[in-house]
Structures are given as C-alpha cells and as structure tokens.
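Inspection log for the structure reproduced underneath, given as structure tokens.
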Amino acid sequence: MKEEKFRVTGMSCAACSTRVEKAVTKLDGTDEVSVNLLTGTMRLNRDDNKISDDDIIKAVEKAGYGAFVDEGQAAKPGVAASGATASQSALDDTKKMKRRLIWSVILLLPLMAVSMTHMFTGSDMENMGRPLTLALVQVLLLIPIVALNFKYFKSGIPSLLRGGPNMDSLIAVGSSAAIIYGAFAIFRMAMGYETGDMALVHKYASEIYFESAGTILTLITVGKYLETKSKGKTSQAIEKLMDLAPKTANVQRDGQELSIPVEQLRLGDILVVRPGESIAADGIIESGSTTVDESAITGESIPVEKTEGDNVVSATINKSGFIKVKCNRVGEDTTISQIIRLVDEASASKAPIARLADKIAGVFVPTVMCIALAAAIIWIIAGQSFEFALSIGIAVLVISCPCALGLATPVAIMVGTGKGAENGILIKSGQALETAHSIDTVVMDKTGTITEGKPKVTDVKAFDMEEDRLITIAAAMETGSEHPLAEAVCEYAKEKKITPVELQRFEAVFGQGIKAVIDGEEFFAGNAKLMEAQGIDAEPVKDQLDELAEQGKTPLIFAAKKDIIGIVAVADTEKKTSREAISKFEDMGIDVVMLTGDNQRTADAIGKRLGISRSIAGVLPQDKEKHVAELQAEGHKVAMIGDGINDAPALARADMGIAIGAGTDVAIESADAVLMRNDLLDAVTAVKLSKAVIKNIKENLFWAFFYNIIGIPLAAGVLYPAFGLTLSPMFGAAAMSLSSVCVVTNALRLKLFKPDRISKKEPAVDNNKTQEDNYMKYELKIEGMMCQMCQKHMTEALNKMDGVTATVDLEAGSATVTAERTVSQDEFAKAVDEAGYQLTGYKEA
C-alpha cells in the first residue's frame, strides 16, 4: 500500500466530505480513506497494482467534486508546501468572499427598501401600476445577487440531482423556492392588471419573496465569510513553522562562499553561519563555538551552548558565534521539515469521535429536505395558505446546518495539534490526540526518560588515603574500560582536574569489574563478587554499600591487594522535572509505572524518592513490550514513554507511545507523539491538551446538535398553534450562519491553553538528594577579546574554575556566570588575567 494525499475541491459541508469518502472507499485497492473538510484534503492508502491516481480522481469527480494529487512537498523539498497551499487557499477564499459579500450587501439594501415600499403606498399608486414596476425593480436587483452567489446553485443543484444533497443544496432549494414563488407572484399580478382585479394585485404585491431570497444568499455569505476567516486562523501554527524554515543558505563550495536556496543544499555541504542567522539544515559543527536559540524546535527559550562536534538542527538561530556546519540532513529530512509534515498530517487527520458527526452528516441533508417538505404539506392540510407553508419550508431548509457538525472535530484537532507543536509536543494524528485523554496508566523507561541517561559520580569514600589519590587510581583503572560507570569516574576526575596515572596492565572481569597494575601494585575495582573472588573481605563496608544501594546508587569498590581502599558511588541522575511530572500524573489519577533493569532494591529506592506508585525491576530490553501488554490485559489504557531502540516495540504496543525527542529515530517512528524538549512535563501537557481538545470537540458537537434539535422544529412552526410564533427564512439564514462561526470560535479558544512547566517553588532533584538552590550569578565585563577564538579561550578559562558555568558574549565583551559557591572578584580577575584578558567589571546578578 502506498500512502497518498489529494486536494479535493468543491466541498462545502460535512455531507460533501462524507460523500467523497464513501465514493473513494468503495474502490477496490483503497484503504484508510480520510477526507478533511477544513483542510480540503484526502489521505488514503492505495494498491498500485489495483488502482491508479486517475481512478481515484474520477471517483471523486463522479461524486460531484474535483480532485488532484497534492505534489506540493515534492515540488519544494524541505518545505511542507501543502500547509502553504491550504493557508494561501484560505486567504484567497476569504478575499473573494469579502468582495462577494460587499457587493451583495450593496445590492440587498435597495432591494429591501423597494420590497417594503408597498407598506407605504396607497391605492392610487397601485392603480398607476406601481406594484408591478417595483416587483420588476426587485428582479433587477436580485439577479446580480444570485449571480454573485451562484456557487451555491452550481454546487447544490447538481448534488441534489445526483442523489447526494449537501449544504449548498439546502441553500439553493430554499432561495430557488422563494425566487420561483416571486416569479409566480409577478405572473399573478400581471393577470390582475389584465383583468382589472386590483385586489389580486394588492394581495401578491405583499407576497413577493425576492428580498427573502436575496437576504438568505447574503446572510449565508456573511456566515461563510466569517467561517472562512476563522478557519484561516486555525492553520497559523503551520504557517509560523513554515516562516521559521530558512529560505537561503550560505555554503562553501570550491573555495567560494555562495548564497543558495535551501532546496539546493546537498549532504556534506559546509554551511557558514554568522551571529543572528538561521541554521539552514541539520548538521555537526565543524569549527567554531556559539550559543543557539532552539526555541523554534523545542519551545525552550534559554539558548544552548554549542561547540565543535555538537549537533545543530535546522530553523534554530545562531546567537553569538561564527560557526561552520557540515550538513547531514537536508531537504525533507531536516528536523523543521519533519515537524511541519507531522503537524500538517495530524491536523488533517480524523479522530474516532469524528465518525459520529460523519455518520449523521451523511443522512442529515436529505432528512432535512424531507422534514421541510413534510412541514409545508402538513400546514397546507391544516388550512394555512400556500405562502405560509412555503415560508415554513424555506425556513427549515436554511436554518439546518451540517457545516457546524462537519467543523466540530477538525477545527479543534487542527488548533490542538498546532498548540502542541508550539510547545515542542508533536502529536502525529487525531486518533492519538483523542486516545491521550483516556490514559489511566503511564509506563516510563527509567534510563534516558526519567533520568538523564548519563551516570555521574555522586559519592566518594576513601579509606586510609586522600580522596584525590583514590580518584587518581580509580580514573587510571577505568580509563581502560568502556563501561558507562567507568566513563562517569573518568568524567569526575576531569572535572576535579585530576590526571590519571599510567597503567602497566589491565584486565576486565566479565560481570564483576576490572583488575589493573599501577606502579607495580595490583588494584581491583568492581562489585562484591569481584572482592569475594579475590579473597577480599567486603563485610566491613557492607552497611555503607547497602545504604548507597537503598538510595538507588551503584557502588564501585576499590581495593589494593587484600584491603578495600575506597568506594565510589555512581548514579544516573534524574531530570529536574521528572519528580514534578510524576506528581502531576498522580494528581490527574494516572498511575505511573517505572521499568528498569536495576535490581528491585534500587528500583524501590528510586520509586519511593520520586513518588512512583509501581516499579518493575530487572526488566530486560526485549521484555518491555510484554509488561505493557500485561497492563493492557488488566484493562488499563496505557501510554508508554521511552527513548531507545529497545523501547520501540513497547511504544508500538501501547495505546499511546510517547518518544523522547533526543531518542533514536526508530523510537520516534514507533511513537504516536514526540517530546522535542526531553521533558516529562511535556508528557503531562500532552495529556492535558488531549483532555482540553476532546472537551472542546464535545462542546462543539453538543451545540451543533442542540442548535439543530431546537432550530428545525422552531422553523417548522411547532410553536405557531400555541403562541403564534414562526421563524422567518431570513432569521433562519442568519442563525445558520452564526452556528458555524460559533463552532470555529469555540475551537479557537484552545489557543489559550497553557502548558505545564516546572514549579518555581519546588527545588530540583539532584541525584536523589534534595539541596537548596544556592547558586550565585555574576556579570563580568572583559576587555581584550577580539575574535571567536578569544571567546572560546575565555569560556574555557572561566569554566575551569571550580563550580563555575559561564557564557561569554564576544560582541558585548561580557560574561554571565552561574556558580555553586561565592566567587570573589579577585578569583575572576586571576582567571581572566591568566587567559590573557582583563576584568573591568564585576557584579552579582
């Protein structure tokens, strides 16, 4: 099966989209056909061996509409042109409709004035033939109004004749009935003049319905104009994303720097990116360092430091440094293009809840026409005049509104998915958006999802030696190991500016640890099993080992000969928002389950600290999918959050898979939603957004149903016998127009949705220890920096200071520093001076 997208023209209401969907679904070789009224698109899977594009287009045309393959993306690599097409189409439609509306109103005003003239004229005027003249004037004023709004007739009448009436059919039949009756009235007035029957002339002079026909067409156009204008706002998210996509790029080719359109970029091209410029493709920094504003992709406003070897993505902004980037993803493969494609596809997809509206819309228009005809006949039988019955029939036709039903779901989904994209949450389909609101259990992979995925040294306990000496030995031993825990020890030594000594011999003991010889002396590093195997008694440190394990840390035991010389504890630290996100899930009544390969003791310690209701330990990578399936078998609606290749089966198995944005492509492809910011709070936001969207859809459907349930009987005259109340066709047309506008406006309220962010009151969790936020901030003024290398040297010099993190701004000649301790002006001055520059300003921020 091949997935394809078509543009469909001529649709005006939900009945149209349902008719197109049914026509294409009937074809042999098509599957999963979804027609979206709001975006004017049709997505489907088709079998090349059974059916062609032409067959599909012919089926749509036979149903009374137009279609063509949407090749926008192919035409412009790297840009989701369909979003631009839809946006431009909506803009063009709005302009055309505005012109139609203005001229319709200009012509309607004198038509209304002329139609009411008989109310102020006497019999003398009638004897002079004035009523017939005024009637003909009305005809002349009505003709251009009909011509301006002829699309209702052009679409509605053929659809009716083909047996698939739509909203335009209701408008066309209603206004045509008024026009035909007006023509009949003129004929009767002419007969009255011919026979001298002025009573007949007077009777029909007050019953010409031309002004009703003109008013109906004009008011419907008012509603359509407001609806089109409102619908245009729903695609603003895609428009904003497309505006962010770079249009040109500066590249180095054959020793020259060229400015080319992004469509011409090739893999391996070297981008030249200056401060303030947008990065045109995904790639790796070949030279230079800078800070990058990634808010366009992640929604995170704080710039991120980047240097040689770091990845950068398209549509992010180079803030301060001069960099060269080697392209590894161009065109449609860039991050921004994939985001635009996902948002476009999601906004055009259907949620399961839309099926109810589609089913009703499929039979709504013919049902309304039968009701209108039945109501007119009943009133004639009841003794009312033909004119009264005609007015009732027209009112029923024009007040009925399948448009509101058809728009109830797609506008909310489009706004909802767009709002998610604005906040770094990519929801791939309407079905995923709907599923998220019913989730009652969230399963989280520990490593890389709850935690940073990068172990760090948390505790160092040295026995009978200096701590620095222990780290020197530990770093030397671990240098030869590729284990993640070894990497953590080496990184810790680097942070402490401790240089490892040279090894004479190294041996890895599978599942236990390592042996090494340093300066002729043998050392051991690993777990209790290794110590036992080497005849080293670990009993004296058992309590310390147990305490560290209970805290969720992994202790590494270091020994020399037969004595333990120290313990280094390593742990994968939790992300600062993990605890708050888990708490928010629990507050929403959603159970959180953590999957981890750690032992049960460590898992329980982590779960207790983070408030996780259930921890499943000792989980092998291939068993994650099995645990998700078991939860589903218990009757739970499960969301799985993960980031690795081994998470992909579980993500696919879950009712909703949520991939962490920094995870693998396989995990992202298997998921229903992607969190670009790697922040679990965004998973909370995704669920809350889903609940808000579904609530909005239900509100829209309620008001659409409620409006028709109340409006149709009222127009049919059910209150006339008891209260003498009827609904004129003109008021019916106005009410119908407003119903669609109200539905779209209600959906636009979703733009006010606010995402979850970490609470400022709650301290972050740092490796299982609660610590107060005692960071100090400083602003420094530095003289002597002339180029990017100066900036790089100054940044490195400041960051080498103990507990200091610095960002240097070359253009401003300043540095912003965050320190874990109080740092004096003299300390900063010394570091700046050693780097070859001068400190001229110092203040606490």
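The values are calculated or read from the model by the stated rules, or taken from the named source; none is laboratory data. Owing to the predicted nature of the structure, the values given are computational and were not obtained by experimental measurement. Here Cβ is always computed from backbone atoms with ideal geometry, including for glycine, and neighbour counts include all displayed protein chains. Heads up: the accessible areas ignore ligands, DNA and RNA and are worked out on the full protein's heavy atoms, side chains in. Shrake-Rupley method; radii C 1.70, N 1.55, O 1.52, S 1.80 Å.
Add +1 for every Lys or Arg and -1 for every Asp or Glu among the other residues with Cβ under 12 Å from the Cβ of GLY321, and state the total. Mind dumping the intermediate values first?
Working: positive: ARG274, LYS306, LYS319, LYS324, LYS792; negative: GLU277, GLU305, GLU308, ASP310, ASP809, GLU811.
Neighbour charge sum, excluding GLY321 itself: -1.
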Problem set entry | Straight-distance crosslink candidates among aspartates and glutamates, where the alpha carbon sits under 13 Å from LYS624 and sequence neighbours closer than 8 are dropped | ASP445, ASP643, ASP647
Exercise. Could you name the aspartates and glutamates in cross-link range of LYS247, using Cα to Cα under 15 Å and dropping any fewer than eight places away on the same chain?
Worked result: GLU239, GLU263, GLU277, ASP282, GLU332
Exercise. In sequence order, what are the phi-derived ³J(HN,Hα) couplings for the range 97-113 according to the Karplus relation 6.51 cos²θ - 1.76 cosθ + 1.60 with θ = phi - 60°, rounded to whole Hz, with x for glycine and proline?
Worked result: 5, 5, 5, 4, 5, 4, 5, 5, 5, 4, 7, 5, 4, x, 4, 5, 5
Problem set entry | Size descriptor, Kirkwood hydrodynamic radius, that averages inverse alpha-carbon separations across the range 131-232, Å | 14.8
For this session: Determine ³J(HN,Hα), in whole Hz, for all residues of the range 493-510 in sequence, where each value follows from phi through the Karplus function 6.51 cos²θ - 1.76 cosθ + 1.60 and θ = phi - 60°; x replaces Gly and Pro.
Result: 4, 5, 4, 7, 6, 9, 8, x, 7, 7, 8, 8, 8, 9, 8, 8, 10, 4
Exercise. So, in Å, what gap is there between the alpha-carbon centers of the range 365-393 and the range 565-642?
Worked result: 65
Problem set entry | Placed amide H near VAL593: partners under 5 Å, 5+ positions off or other chain | VAL442, VAL443, MET444
Problem set entry | Sparsely packed trypsin sites (Lys or Arg not before Pro) within the range 452-553, loop by DSSP, other Cβ within 10 Å at most 12 | LYS497
Problem set entry | Under 16 Å from the Cα of LYS637 - aspartates and glutamates, other chains or at least 8 residues apart | GLU434, ASP440, GLU586, ASP591, GLU625, ASP655, ASP672
For this session: Sort LYS800, LYS754 by accessible area with a 1.4 Å probe, largest first.
Result: LYS754, LYS800
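Note down the magnitude of the dipole of the range 417-506 about its Cα centre, charges +1 on Lys and Arg C-beta and -1 on Asp and Glu C-beta and zero elsewhere, to the nearest 20 debye. Please report the intermediate quantities before stating the final value.
On the way: 11 positive and 16 negative charges, 37 e Å.
Rounded to the nearest 20 debye, it is 180 debye.
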For this session: Mind scanning LYS777/LYS830; LYS26/LYS50; LYS494/LYS781; LYS419/LYS691; LYS5/LYS50; LYS576/LYS781 and naming the pairs with a C-alpha gap bigger than 20 Å?
Result: LYS494/LYS781; LYS576/LYS781
Exercise. What residues have an amide H closer than 5 Å to that of ASP459, excluding those fewer than 5 places away on the same chain, when H is modeled at 1.01 Å from N in the peptide plane?
Worked result: ALA569
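Order 317-326, 390-399, 368-377, 715-724 from most to least packed using the mean count of other Cβ atoms within 10 Å.
Working: 317-326: 21.2, 390-399: 28.1, 368-377: 18.5, 715-724: 15.1.
Packing order, densest peptide first, comes out as 390-399, 317-326, 368-377, 715-724.
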